[in-house]
Amino acid sequence: MRISLISLLFFIVISLWGQDSETRRRVQMVTNKGDITVELYNETPLHRDNFIKLCESHFYDSLLFHRVIENFMIQGGDPDSRHALLSDDLGDGGPGYTLPAEIVFPKYFHRRGVLAAAREGDEVNPERRSSGSQFYIVWGSRFTKSEMREMVKTVSERSKGEVVIPASLQEVYRKTGGSPHLDGLYTVFGEVVEGLDVVERIQKVATIENDRPFDDVVILRTKVLR
């Protein structure tokens, strides 16, 4: 009886440990427009661990959301944006390294509220390696059925049939919104779990040339939540 009880306790502990090991890490971004909390996917461990490392080292503190496009996305993470002048050209900065792509499609796709890694274009970056620090949060649009059919066709033709948007994802894009034209091209590595209303406010701000907000949208600090 003692051996059986010990065995049972062992399997319970192992089971609980397995659940804990799959728990997603969360990071809070405190901005001058409100707080955004993101949850990071375990299926993209390189991006998850890198994002946590940068947050813990205060890399993102005082950086801007330097590129904002209404009904599309908000982008930040360029270290050159810290205390940048309104006339400064931003978007090329990084920590000095890139990350291998971790594209987990169709499980993770560009629905509204996901966190993804920015990168250089295919013409200079055929491996689709991600920026070491720049990221974007999707807002996107809602699609009608006819618009979605055209988008599915466009994505399929662009990828030569490699990227097919399943019916279940099409339904999400119609009801919730997003940016399906990015599917299969960029690494999606997390999602907003609190503060989507803040993302909505930011994506509506007035912008100038190069989609730079006229009034700075600042990441004041980040906090890795335990």
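Remarks
- Single residue of segment 180-201 satisfying the filter (small (Gly, Ala, Ser) and part of a loop (DSSP other than H, G, I, E, B)) that is nearest to GLU56 (Cα to Cα): GLY195
- Residue count for segment 39-48 under the criterion of being surrounded by fewer than 19 Cβ atoms within 10 Å (Cβ to Cβ) and under 18 Å from ALA118 (Cβ atoms): the result is 1.
- Residues of segment 121-168 classified as surrounded by 14 or more Cβ atoms within 10 Å (Cβ to Cβ), within 28 Å of ILE52 (Cβ to Cβ) and not hydroxyl-bearing (Ser, Thr, Tyr), total: 10
- Test: residue in segment 95-111 that is crowded, with 16+ Cβ neighbours inside 10 Å and free of Cβ contacts under 8 Å to residues at least 60 places away in the same chain: yes
- When residues of segment 174-201 are limited to those that are among the aliphatic types (A, V, I, L, M) and buried (at least 22 other Cβ atoms within 10 Å of the Cβ), the one farthest from MET73 (Cα to Cα): VAL188
- Scan of segment 51-74 for residues that are surrounded by fewer than 22 Cβ atoms within 10 Å (Cβ to Cβ) and over 17 Å from LYS223 (Cβ atoms), ordered by number: ILE69, GLU70, ASN71, PHE72
One line per residue, one yes/no per condition, for (1) under 18 Å from ASP35 (Cβ atoms); (2) in contact (Cβ under 8 Å) with a residue 40 or more places away in the chain; (3) touching a Lys or Arg at 6+ places or on another chain (Cβ under 8 Å):
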{"residue": "ARG149", "(1), (2), (3)": "no, no, no"}
{"residue": "PRO166", "(1), (2), (3)": "no, yes, no"}
{"residue": "TYR173", "(1), (2), (3)": "no, yes, yes"}
{"residue": "TYR186", "(1), (2), (3)": "no, yes, yes"}
{"residue": "GLU194", "(1), (2), (3)": "yes, yes, no"}
{"residue": "GLU200", "(1), (2), (3)": "yes, yes, no"}
{"residue": "GLN203", "(1), (2), (3)": "yes, yes, no"}
{"residue": "GLU209", "(1), (2), (3)": "no, no, no"}
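- Note on segment 202-226: residues that are of a type outside the set (Asp, Glu), in a helix (DSSP H, G or I) and surrounded by fewer than 14 Cβ atoms within 10 Å (Cβ to Cβ) amount to 1.
- Residues of segment 110-151 satisfying the condition of being closer than 18 Å to ILE69 by Cβ and among the polar types (S, T, N, Q): SER131, GLN134, SER141
- Residue within segment 159-168 that is touching an Asp or Glu at 6+ places or on another chain (Cβ under 7 Å) and either modelled with pLDDT under 95 or closer than 21 Å to GLY190 by Cβ (or both) present: yes
The values are calculated or read from the model by the stated rules, or taken from the named source; none is laboratory data. Fair warning: this is a prediction, and the values are worked out from it, not measured in the lab. When we count neighbours, we look across all protein chains shown, and the Cβ atoms used for this are built from the backbone with ideal geometry, even at glycine.
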